[in-house]
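Just so you know, all these numbers are worked out from the coordinates, no wet-lab data involved. Computed from a predicted structure; not experimentally measured. All Cβ positions, even for glycine, are placed from backbone atoms using ideal geometry, and neighbour counts span all protein chains on display.
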Amino acid sequence: MASLPRPVWNDVLGQVRCTHPQLVRGWFNQLSISGFAGGVLTVQTSNDAQTRYLKGHCQKAFNEAAQASTGRLVAIEFETGQTPAPEPPVHRGEVRDLNGDFTFENFVAGPANRLAHAAAKAIADAPGHVYNPLFLHGGVGLGKTHLTQAICHEIVTRRPDAVCQYVPCDMFTSDFIEAIEQGALHEFRYHYDRVDVLVVDDVQFLTARERSQEEFFHLYNRLTMSKRQIVLSADCSPAEIPSLADRLVSRFQSGLVALMEPPCLDTRIAIVQAKARVRCIELPPEVARLIARRVASNVRDLEGALIKIDALSHAHERPIDVALALLALGDAPSSPVSVTAIMQAVARRMNVKVPDLQGRKRVKAVSQPRHLCMYLARELTDQSLEEIGGYFGGRDHTTVLHAHRAIAAALDTNDALRTTIEELMAEVRDAR
Ligand code: ADP
Ligand code: MG
């Protein structure tokens, strides 16, 4: 058998990662070469599911990458290994389909997710010994899944013997129901009782069935009693999860609860750049800035914008620049709202002076309108927390974050405040 050196295979994998990132799975790292003859490279997988996936979705991508890497006519064939490595008694993190890109290395920390990021790192350093549980919450597409999976990647890399289970909550509940139906509850419990680290993503879905809650409650107790690490994520705080039993709410609150907020402009720029690096996209800084300014809602949309621009660049066979980005993203929105306009509108409406809003006075008559300004600045402008703080006497980003949070929380119960804010928003938008 002619041999194809390992570095060439690494090169082939690298190419597929860059040209077809959406096809790549965490377990690709475990693929190995089992033969090379007659221009055909045989790649061995660990199980039939992997072979099916590769043959069904990745054949063309691998063939092209192999031909490009070797300069020879090489075709790739996938086969399931004859003597697969003994299965671990329970799924390890990488087996249960972790996204290979969701690592700490690819995660950009910023003011809006700093606490969550630091806590996740601390847990990866010492699982079971710092915050237990860690509960991350925040809106869609703000990095909860990314960060919880990063914990798994890190722990599994550092301690290959650790059993790290990542599971989306709906999968936990459907596995549980299936176990009941098939009379396999014992196996189900045995499986989860053996983990060192349990990550359950989107636990707001735990509420759908009472029996799943009950099962999870007992599992939770067994694991935490023996100092195993639990990490949870949800789209809201524990107390806000509808019909979650009080005993679970109090347990979820008993470790560290960290909110993940929409990233500020600077972080968004850094994220777009990080995504471009992972996808091997050549992205000029001014285009990264343009994307980050345009898309403020969530990080998944940022990535979507990047992919759209990249696709257009391939279609037009021209490198990415501002003109191409504008073509991909459509016309620019009308001129942005300014923080100054917000301050003026709030000052008029609440009968305060702009210099007082910017000053140090802490009486409620001034501090509340100031908080309102900060809230509106965050909602309506692209300015970073630091930049917004700059308009208000150089206050730091945490002050702005707290002000935003306080107003956002008050909005839930205070209808008059909601009306005031809606009117102020309309006013400053109209004044552009
Ligand atoms: P959520 O689980 O909160 O809905 P995800 O973790 O799925 O969000 O994140 C959506 C996308 O945004 C993913 O591609 C993820 O990698 C990316 N993302 C979110 N936050 C960050 C960040 N701070 N740095 C890098 N990528 C991020
Ligand atoms: Mg998620």
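Observations, loosely collected:
- Only Cα pairs under 8 Å and 6+ residues apart enter the sum, and on that basis the relative contact order of the chain stands at 13 percent.
- Gain upon complete extension [Arg189, Ser367; 0.36 nm per residue less C-alpha separation]: 58.7 nm
- Taking only the C-alpha atoms of region 298-432, the Rg (one decimal) and the largest Cα-Cα distance, Dmax (whole number), read 18.4, 60 Å.
- Cα-Cα pairs of region 165-306 separated by more than 25 Å (percent): 45 percent
- Potential extension, Arg318-Arg349 segment - 0.36 nm per residue separation minus Cα distance: 6.1 nm
- Given charges at beta-carbon only (K, R positive; D, E negative), |dipole| of the chain in Debye: 1180 debye
- Amide proton proximity set for Arg25, modelled H, under 5 Å, gap of 5+: none
- Look at the dipole of the chain built from charges on Cβ: of Phe252, Phe392, Val74, the Cα furthest out on the positive end belongs to Phe392.
- In region 112-216, trypsin sites (Lys or Arg not before Pro) in a DSSP loop with at most 15 other beta-carbon atoms within 10 Å: Arg194, Arg209
- From phi via Karplus (6.51, -1.76, 1.60), per-residue ³J(HN,Hα) for region 182-194 in Hz, x at Gly/Pro: 9, x, 10, 4, 4, 5, 4, 5, 4, 4, 6, 5, 8
- Total charge dipole magnitude, region 274-352, about the Cα centre, Cβ charges on Lys, Arg, Asp, Glu only, Debye to nearest 20: 400 debye
- The relative contact order of region 315-409 comes to 23 percent, based on Cα pairs under 8 Å that sit 6 or more residues apart.
- Net charge of neighbours whose Cβ lies under 11 Å from the Cβ of Ala403, counting Lys and Arg as +1 and Asp and Glu as -1: +4
- The local environment of Tyr190, defined by Cβ-Cβ distances under 13 Å, has a net charge of 0 under the rule Lys, Arg +1 and Asp, Glu -1.
- Rough spin-label spacing in nm, given labels placed 7 Å along Cα→Cβ, for Ala431 and Ala37: 8.0 nm
- Per-residue 3J(HN,Hα) values for region 237-250, derived from phi via the Karplus relation 6.51 cos²θ - 1.76 cosθ + 1.60 with θ = phi - 60°, read 6, x, 5, 8, 6, x, 6, 8, 4, 3, 5, 7, 4, 5 Hz in sequence order (x marks Gly and Pro).
- Hull-based mean projected area of the chain, where the convex hull spans the alpha carbons, in square nanometres: 25.0 nm²
- Listed residues His146, Thr267, Gly56: farthest to the positive end of the dipole of the chain (Cβ charges): Thr267
- Positive-end ranking of Leu98, Ile342, Tyr190 along the dipole of the chain, with charges on Cβ about the Cα centre, is headed by Ile342.
- Set of lysines with alpha-carbon distance to Lys353 below 19 Å, sequence-local pairs under 8 removed: Lys361, Lys364
- More than 14 angstrom apart: percent of Cα pairs within region 196-260: 56 percent
- Computed over region 280-366, relative contact order equals 22 percent, with contacts defined as Cα pairs under 8 Å that lie 6+ residues apart.
- Counted over the chain, the DSSP beta bridges are approximately 15% antiparallel.
- Using the Cβ of Ala124 as centre and a radius below 14 Å, the other residues enclosed give a net charge of -1, where K and R count +1 and D and E count -1.
- Segments 293-305, 228-240 sorted - mean Cβ within 10 Å per residue, highest first: 228-240, 293-305
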